[in-house]
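First up is the structure itself, then whatever we jot down about it.
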Amino acid sequence: MRTLQIEPLTKEAFAPFGDVIETDGSDHFMINNGSTMRFHRLAEVQTATPECKAIISIFRAEAMEMPFTVRMLERHPLGSQAFIPLLGNPFLIVVAPLGDEPVSGLVRAFVSNGRQGINYHRGVWHHPVLTIEKRDDFLVVDRSGSGNNCDEHFLKEDEWLVLAPHQ
C-alpha cells in the first residue's frame, strides 16, 4: 500500500482534475451600484447532453476514521460535480486523472482550506466527499438527467492507498 501525501489545494496543482472555487487571486468586478464584488465564472457546470440539467443540492457528510484506506474511486462521465463547503471547514480531496480506469500510482490527495470549493471536471476519478470534521455540509452542483452518471472502480487490494490524518 502507498501512503498518499496530502497537498495544499491550489489552482495550479488541481488544474488537471478540475477547478478550485475561491476568491483569493480570482478576477472580479463591481456590481449593485458598487456595493458587491462579483467573482465571475469561477467554474463551469459541464453536462454531456442537452437534456441534462445542472442541479444544486446539499450533502451532509460524516467524517471517516483516520488513517483511511482508499479502496474505490468514482467518476461522473456525463457531467461535472462541484463541492463548496458551507461551514468553512477544511476537507480532503482524493483524485486521479481521466482514463478508462484510475491508475493507483497517479492518485493525489489535497486539503481545502475551508474557503475553497472544487469542481471535478467531467469524467475525473475521485473519492466521494471526505470531511475532516465530525459532520459537515456542502453545497453540491452537478447534473440530473437520463443515463448513468456514476462509474465506480474498486481498487485491487495491492493498489489500496492510505490517507494519513491531516496535520
Within the stretch 80-108, how many residues are assigned to a loop (DSSP other than H, G, I, E, B), closer than 24 Å to Thr49 by Cβ and among the aliphatic types (A, V, I, L, M)? 1
Of the residues in the stretch 32-66, those that are among the β-branched types (Val, Ile, Thr) and at pLDDT 90 or above come to Thr36, Val45, Ile55, Ile56, Ile58
Applying the selection to the stretch 12-27, what residues are over 13 Å from Glu44 (Cα atoms) and not hydrophobic (A, V, I, L, M, F, W, C)? Glu12, Pro16, Glu22, Thr23, Asp24, Gly25, Ser26, Asp27
So which residues in the stretch 124-147 are outside any strand (DSSP E or B) and within 12 Å of the chain's Cα centre (by Cα)? Val124, His127, Pro128, Val129
Just to be sure before I move on: is Gly105 under 24 Å from Cys150 (Cβ atoms) and more than 17 Å from the chain's Cα centre (by Cα) in the structure I sent? yes
Can you find even one residue in the stretch 49-60 that is surrounded by 14 or more Cβ atoms within 10 Å (Cβ to Cβ), more than 18 Å from Ile21 (Cα to Cα) and under 16 Å from the mean Cα position of the chain (by Cα)? no
Check on Glu74, modelled with pLDDT of 95 or more, charged (D, E, K, R) and assigned to a strand (DSSP E or B): yes
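The values are calculated or read from the model by the stated rules, or taken from the named source; none is laboratory data. None of these values were measured; they are calculated from a predicted model. No Cβ is skipped: glycine too gets one built from the backbone with ideal geometry, and neighbour counts run over all protein chains shown.
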